[in-house]
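Scroll down for the structure; my scribbles are underneath it.
The values are calculated or read from the model by the stated rules, or taken from the named source; none is laboratory data. Just so we're clear, the structure is a prediction, and the values are computed from it rather than from any experiment. Reconstructed Cβ throughout: ideal geometry from the backbone, glycine too, with neighbour counts over all protein chains shown. The accessibility values were calculated without ligands, DNA or RNA, using every heavy atom of the protein model including side chains. Shrake-Rupley method; radii C 1.70, N 1.55, O 1.52, S 1.80 Å.
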Amino acid sequence: QVQFVESGGGLVQPGGALRLSCAASGSIFSIYTMGWYRQAPGKQRELVALISSGGTTNYADSVKGRFTISRDNGKNTVYLQMNSLKPEDTAVYYCNARNGDYVLYAWGQGTQVTVSS
């Protein structure tokens, strides 16, 4: 079983930036495609960004050009650099391993991102 611990969230003004981190337990982290997801109040959880084991990235249209996903396999950690933040980015952000359309493990506690003036 792999567990995830997300961190780095907070309150930021519109146009600001945050860097989220997700630390994963387990020694086989490097083989997984990893994803960042978010869930806003009253909405379903949505996929924000993906990074394959080889480093190929994909982004939701709503964050393309503003967010960057990266990974450090030596540290079992995946990152999400978020720039030019908007109020609609406000959500709890989670990470998970992904296989096709499915996540592989239980969700962590997430990290709250609030974009507000």
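Each residue of region 47-63 was assigned a 3J(HN,Hα) from its phi angle through the Karplus expression (A = 6.51, B = -1.76, C = 1.60, θ = phi - 60°), giving 7, 9, 7, 10, 9, 6, 4, x, x, 6, 10, 9, 9, 5, 4, 5, 10 Hz with x at Gly and Pro.
The residues packed around residue 89, meaning those with a beta-carbon under 10 Å from its beta-carbon, carry a net charge of +2 if Lys and Arg are +1 and Asp and Glu are -1.
Please report, as a whole percent, how much of the solvent-accessible surface of the chain comes from carbon and sulfur atoms (probe radius 1.4 Å). About 47 percent, which is the carbon plus sulfur part of the accessible surface.
Expressed in nm to one decimal, what extension gain is obtained for the pair residue 106 and residue 56 from 0.36 nm per residue of sequence separation less their Cα-Cα distance? Numbers along the way, then the final one.
Numbers: separation 50, 0.36 × 50 = 18.00 nm, distance 2.38 nm.
Gain on extension, residue 106 to residue 56, equals 15.6 nm.
Using C-alpha pairs under 8 Å with a sequence gap of at least 6, the mean separation divided by the residue count of the chain gives a relative contact order of 37 percent. The convex hull of the Cα atoms of the chain, projected and averaged over all directions, covers 6.7 nm². Each part reduced to its alpha carbon centroid, region 53-105 and region 1-29 end up 9 Å apart.
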